[in-house]
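Q: Sending over a structure as structure tokens; questions will come in a sec.
The values are calculated or read from the model by the stated rules, or taken from the named source; none is laboratory data. This is a predicted model, so every value here is computed, not measured. Methodologically, a virtual Cβ is constructed for each residue, glycine included, from the backbone with ideal geometry; neighbour enumeration extends over all protein chains shown.
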Ligand SMILES: [Fe+3]
């Protein structure tokens, strides 16, 4: 990497407030190939999928999720081409709307650790009708040895930690999102 | 659409009470989150807001970078929403332009901006149930562009109409354009809505009012900009957007930062 972060800048100007994505994004934001960071079934590919639920346990059919991740070797991708995927370039970013059953699915690779002792994860943003601003969180890999030393994971209760760690299934990983309720997903701020 | 019995007067009373409570909180030194995620006047938010405060995380490397988009992703013609059909769309032609800046006032360059909106009659090109306003065969209401070296975006479109939305009896959204923005870091991702000056529906709209301070609400309203109006063609509106959140800084200045 040619540019190395030396410090973290948060800025002082007032942020433009967010607003809900509303119900009508479906013909504007999703696009062909949006959720396929790598071609499904290609060597090394996994499916990352799950369901999004509201506080009554009902699936949310009008949510939009975005993931952003390192490549399999832990590098931060800085290649364009997410909107017109060529099938060969890994851009690290993808978008998936939920279907009528609240289900989403990405085709991607497992993220690598960004450095010695770092913990790999997918960064996740959640938008939905009824949700007035974005939510952000992380999807950690199941039983990754470095999880035990991750500052965020160790700061959480066992129940909270469980909401941020994916489970392995036959095709890759499953990660459900609960916007509210007993199993409410732990969301993050970075301020 | 589910039948609702609450009137605008019921909703307006709820809105006023929450705003008064929020002012009280600000005086106690606890500024409320903008917008409030737990905002019952927006009925759809009731089961869709987290009840716990977000947990603080120190951003990791990936979160301090943003996904990269470029000119191979977006055709420059996608910034003109008036050329989707074989004829001109119906409505008041407008030019909307502004800059995307980070919290330190630096331009967010070469980054993706996406918009979507209703047509001039207040109708979206969307399969979900909607009111029976006309569709316009020459208008899809979807646009994209990449910001330039100054962080500037520019769209050519038509002014969207207000539309009814069933939140309560006689609920109408103020005219707006949805904006999706990326910053210099993943932490700065933003989806929001741009409104038009002096809309009489502002006071009545639970989504706009979910931001409980007038100053912050004002930040979502574009300014009529005569210098942006195109002679014999369109009305100009300018609107700048500030995306904040931790980002990386550079050991060497970027080209143009000097
Ligand atoms: Fe809308």
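Q: Give segment B:93-125 a look and list any residue that's under 16 Å from residue B:81 (Cα atoms), in a loop (DSSP other than H, G, I, E, B) and within 12 Å of chain A (Cβ to nearest Cβ), or say none.
A: B:118, B:119, B:122, B:123, B:124, B:125
Q: If you don't mind, there's one more thing I want to ask. Of all residues being part of a strand (DSSP E or B) and out of contact with any helix residue (DSSP H, G or I) (no Cβ under 8 Å at 6 or more places or on another chain) in segment B:126-152, which is surrounded by the most Cβ atoms within 10 Å (Cβ to Cβ)? Just the residue, please.
A: B:146
Q: How many residues does segment B:105-154 hold that are within 16 Å of the ligand (Cβ to nearest atom) and closer than 19 Å to residue A:16 by Cβ?
A: Summing the residues that are within 16 Å of the ligand (Cβ to nearest atom) and closer than 19 Å to residue A:16 by Cβ in segment B:105-154 gives 5.
Q: Oh, and also: When you scan segment A:144-158, how many residues do you find that are touching a residue at least 12 places away in the same chain (Cβ under 8 Å) and away from every other protein chain (no Cβ under 11 Å)?
A: 4
Q: Which one of the conditions (1) within 14 Å of another protein chain (Cβ to nearest Cβ); (2) at pLDDT 95 or above; (3) surrounded by 12 or more Cβ atoms within 10 Å (Cβ to Cβ); (4) within 25 Å of the chain's Cα centre (by Cα) does residue B:55 fail to meet, given that it meets all the rest?
A: Of the numbered conditions (1) within 14 Å of another protein chain (Cβ to nearest Cβ); (2) at pLDDT 95 or above; (3) surrounded by 12 or more Cβ atoms within 10 Å (Cβ to Cβ); (4) within 25 Å of the chain's Cα centre (by Cα), the odd one out for residue B:55 is (4).
Q: Of everything in segment A:92-112, what is closer than 15 Å to residue A:73 by Cβ, surrounded by 18 or more Cβ atoms within 10 Å (Cβ to Cβ) and either within 12 Å of chain B (Cβ to nearest Cβ) or modelled with pLDDT under 95 (or both)? Give them in sequence order.
A: A:92, A:111
Q: Considering only segment A:56-78, how many residues are outside any strand (DSSP E or B), closer than 22 Å to residue A:184 by Cβ and touching a residue at least 60 places away in the same chain (Cβ under 8 Å)?
A: Of the residues in segment A:56-78, 4 are outside any strand (DSSP E or B), closer than 22 Å to residue A:184 by Cβ and touching a residue at least 60 places away in the same chain (Cβ under 8 Å).
Q: If we keep just the residues of segment B:94-104 that are surrounded by fewer than 21 Cβ atoms within 10 Å (Cβ to Cβ) and under 30 Å from residue A:79 (Cβ atoms), which is nearest to the ligand (Cβ to nearest atom)?
A: Out of the qualifying residues, it is B:97.
Q: Let me ask something else. Among the candidates B:85, B:91, which residue alone is without any contact (Cβ under 8 Å) to a residue 60 or more places away in the chain and either surrounded by fewer than 21 Cβ atoms within 10 Å (Cβ to Cβ) or in contact with a helix residue (DSSP H, G or I) (Cβ under 6 Å, 6 or more places away or on another chain) (or both)?
A: After ruling out the rest, the residue left standing is B:85.
Q: Also: Hey, can you tell me all the residues within segment B:155-173 that are surrounded by fewer than 18 Cβ atoms within 10 Å (Cβ to Cβ) and away from the ligand (no atom under 14 Å from the Cβ)?
A: Within segment B:155-173, B:169, B:170 qualify.
Q: Could you list, in sequence order, all residues of segment A:142-184 that are under 14 Å from the mean Cα position of the chain (by Cα), under 29 Å from residue A:42 (Cβ atoms) and part of a loop (DSSP other than H, G, I, E, B)?
A: A:164, A:166, A:175, A:176
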